[in-house]
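Peer 1: The following block contains the structure, expressed as structure tokens.
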Amino acid sequence: MSNVLELIDLVTQFSTKKGMVPAVRGVNLSVKRGKTLVILGESGSGKSVTLRSILRITPPGAKILGSILFNEEEILTKSNNEIQALRGNRIAMIFQDSLSAFDPLYKVGKQIEETIISHQKVTRKQAKELVIDLFRKVGIPSPEERVKVYPHEMSGGMRQRAVISMALACKPEVLLADEPTTALDVTIQAQILKLFKQIQTEFGMSIVLVTHDIGVAAEMADDIAVMYAGKIVEYGEAKQILFSPEHPYTKGLIAATPKKGQKGELITIPGQPPLITNMPKGCAFADRCSDAISSCHSENPELKEVKPKQHAACFLVRQKKEMITI
Ligand SMILES: Nc1ncnc2c1ncn2[C@@H]1O[C@H](COP(=O)(O)OP(=O)(O)OP(=O)(O)O)[C@@H](O)[C@H]1O
Ligand SMILES: [Mg+2]
């Protein structure tokens with residue numbers, strides 16, 4: 001059993017004025033045990049909604065369809081109590097918005113202590129020590145003092161580190177990390193990514209990491225999934241995706257990343273992704289793709305293997321492959 005988590009045809013719909021509208025439109029992903037899957041994609045592509053769907057943290061009226069298997073067990077049919085027992089314990093999440101992670105009325109250290117005590121058999125004293133130790137590991141200076149402050153008394157970066165320590169507190173089997181280091185300066189970022197790797201090696205933790213930073217992806221990923229307009233458009237082994245991308249959108253994303261020492265203007269992908277309430281009939285990227293052919297506008301390409309360990313959802317890639325095979 002090498003996959004700790006599997007998303008099968010995941011669809012997450014929101015209730016809007018235009019009716020039920022899908023923000024995630026049939027996502028298939030596997031998270032390997034002890035490995036890191038990075039999800040890349042522009043703003044609004046559905047990365048956060050995908051991660052939140054795994055823990056069933058969606059607003060009222062939202063619907064999650066398909067299947068989410070955690071250690072081969074269906075998450076979508078679990079009771080609220082069962083899912084509550086998984087959250088923060090076996091599957092932890094670092095939310096994109098760190099402000100919402102803590103209750104403003106309680107001290108930060110106390111809140112992390114409570115999480116530990118609710119899921120693990122430890123005394124209050126041991127939990128207190130664990131929190132101080134975690135604060136030290138995520139680079140919070142004077143941890144003995146910092147555990148006693150309220151969330152609003154911490155700077156944004158400090159609070160983000162406290163959020164990270166809360167997520168790691170129960171040594172989860174899966175860590176869902178949504179832009180965990182974006183707000184932090186580079187040295188702290190490097191320290192935290194190193195800590196993730198360390199915990200991963202020690203406890204076999206699997207990580208699903210959402211980032212806009214291709215450098216972070218290159219540093220962390222075993223596998224990469226590229227999301228666009230609620231779908232995975234390219235998926236596979238990290239080095240394949242980074243060094244020989246096939247989907248025009250992935251190529252655009254990578255070309256839009258500044259290289260070390262690069263001078264001059266960056267190439268950007270022209271246009272905007274479609275709104276979820278106004279999805280085109282065919283490939284959602286077709287309007288921005290300079291190579292689009294007529295079928296791109298009328299049909300939706302499925303994710304198919306284009307090279308060993310690399311899948312892309314693109315008619316052009318397949319056409320090119322067929323021409324090479326002939
Ligand atoms: N509660 C909601 N109701 C309706 N639509 C929503 C809701 N939450 C998210 N969406 C929509 O779902 C789509 C995906 O949003 P999501 O937050 O997953 O994007 P993202 O890829 O995480 O973007 P970013 O990089 O900016 O964080 C967006 O179009 C967003 O407007
Ligand atoms: Mg997001």
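Peer 1: Taking all protein chains in place and a 1.4 Å probe, what share, in percent, of the accessible surface of the chain do carbon and sulfur account for? Kindly include the intermediate steps, with their values, before the conclusion.
Peer 2: Values: 8820 of 16300 Å².
Carbon and sulfur: 54 percent of the exposed surface of the chain.
Peer 1: Stretch ARG124-ASP9 to full length: gain in nm at 0.36 nm per residue minus the Cα-Cα span?
Peer 2: Working it through step by step, the gained length comes to 37.1 nm.
Peer 1: Oh, and also: How big is the dipole moment of the chain about its Cα centre under a simple scheme where the beta carbon of each Lys and Arg is +1, that of each Asp and Glu is -1, and everything else is neutral? Debye, nearest 20, please.
Peer 2: The calculation lands at about 300 debye.
Peer 1: Using the structure shown, list the pairs from LYS107/LYS231; LYS121/LYS197; LYS18/LYS171; LYS35/LYS251; LYS32/LYS107; LYS63/LYS197 with a Cα-Cα distance above 31 Å, or answer none.
Peer 2: LYS107/LYS231; LYS18/LYS171; LYS32/LYS107; LYS63/LYS197
Peer 1: Let me ask something else about it. From the phi of every residue in region 92-103, what ³J(HN,Hα) in whole Hz does the Karplus formula 6.51 cos²θ - 1.76 cosθ + 1.60 yield, where θ is phi - 60° and glycine or proline is x?
Peer 2: Values per residue, Gly and Pro as x: 10, 10, 9, 7, 4, 9, 6, 4, 7, 6, 10, 7 Hz.
Peer 1: If amide hydrogens are placed 1.01 Å from N in the peptide plane, which non-local residues have theirs closer than 5 Å to the one on VAL233?
Peer 2: When sequence neighbours closer than 5 places are left aside, the close amide H contacts are VAL226, MET227, TYR228.
Peer 1: Taking only protein heavy atoms into account and a 1.4 Å probe, give the accessible area per residue of the chain in Å².
Peer 2: For the chain, the per-residue accessible area is 50 Å².
Peer 1: Still on this structure, please answer the following. Assuming R0 = 30 Å, what is the FRET efficiency of MET20 and LYS304, from their Cβ-Cβ distance, to the nearest 0.05?
Peer 2: It comes out at approximately 0.60.
Peer 1: How tilted is helix 156-168 with respect to the longest principal axis of the chain? Cα atoms for both, answer in degrees (0 to 90, nearest 10).
Peer 2: Tilt relative to the chain: about 90 degrees.
Peer 1: Can you give the Rg to Rh ratio of the chain, both from alpha-carbon atoms, with Rh computed by the Kirkwood formula?
Peer 2: Reported Rg/Rh (Cα atoms, Kirkwood Rh): 0.99.
Peer 1: Something else: How much net charge surrounds ALA225 when only other residues with a Cβ under 12 Å from its Cβ are counted (Lys, Arg +1; Asp, Glu -1)?
Peer 2: Once positives and negatives cancel, what remains is -2.
Peer 1: Now a separate question. Using a 7 Å offset from Cα along Cα-Cβ at SER295, what residues in region 241-258 end up with backbone N under 17 Å from the label point?
Peer 2: Correct set: 247-248.
Peer 1: Next up: Determine one quarter of the surface area of the Cα convex hull of region 3-82, which equals its mean projected area, and express it in nm² to one decimal.
Peer 2: If you wrap the Cα atoms of region 3-82 in a convex hull and average its projections, you get 5.7 nm².
Peer 1: If you don't mind, there's one more thing I want to ask. Using the Kirkwood radius built from alpha carbon pairs, what does the Stokes-Einstein equation give as D for region 49-143 at 10 °C and 1.306 mPa s, in µm² per second?
Peer 2: The diffusion coefficient I find is 103 µm²/s.
Peer 1: Where does the charge balance sit around CYS170 when Lys and Arg score +1, Asp and Glu -1, over other residues with C-beta under 11 Å from its C-beta?
Peer 2: Local net charge: +2.
Peer 1: Estimate the FRET efficiency between ASN278 and GLU82 by the formula 1/(1 + (r/R0)^6), using the beta-carbon distance for r and 30 Å for R0, to the nearest 0.05.
Peer 2: FRET efficiency, ASN278 to GLU82: 0.20.
Peer 1: Output the peptides 127-139, 273-285 sorted from most to least packed, where packing is the average of other Cβ atoms within 10 Å over each peptide's residues.
Peer 2: Result, highest mean first: 127-139, 273-285.
Peer 1: Check GLY34: other-chain or 5+ apart residues with amide H under 5 Å from its amide H, H built from backbone geometry?
Peer 2: Close amide H contacts, sequence-distant or interchain: SER206.
Peer 1: Take the chain, connect every pair of alpha-carbon atoms lying under 10 Å apart with a spring to form a Gaussian network, then pick out the residue of LYS17, LYS32, LYS309 with the largest mean-square fluctuation.
Peer 2: Most flexible of the set in this elastic network: LYS17.
Peer 1: Okay, next question. What is the chain's relative contact order, in percent, from Cα pairs under 8 angstrom and six or more apart in sequence?
Peer 2: Value for the chain: 19 percent.
The values are calculated or read from the model by the stated rules, or taken from the named source; none is laboratory data. Computed from a predicted model, the values in this text were never measured in an experiment. Methodologically, a virtual Cβ is constructed for each residue, glycine included, from the backbone with ideal geometry; neighbour enumeration extends over all protein chains shown. Surface areas here come from the heavy atoms of the whole protein model, side chains and all, with no ligands, DNA or RNA. Shrake-Rupley method; radii C 1.70, N 1.55, O 1.52, S 1.80 Å.
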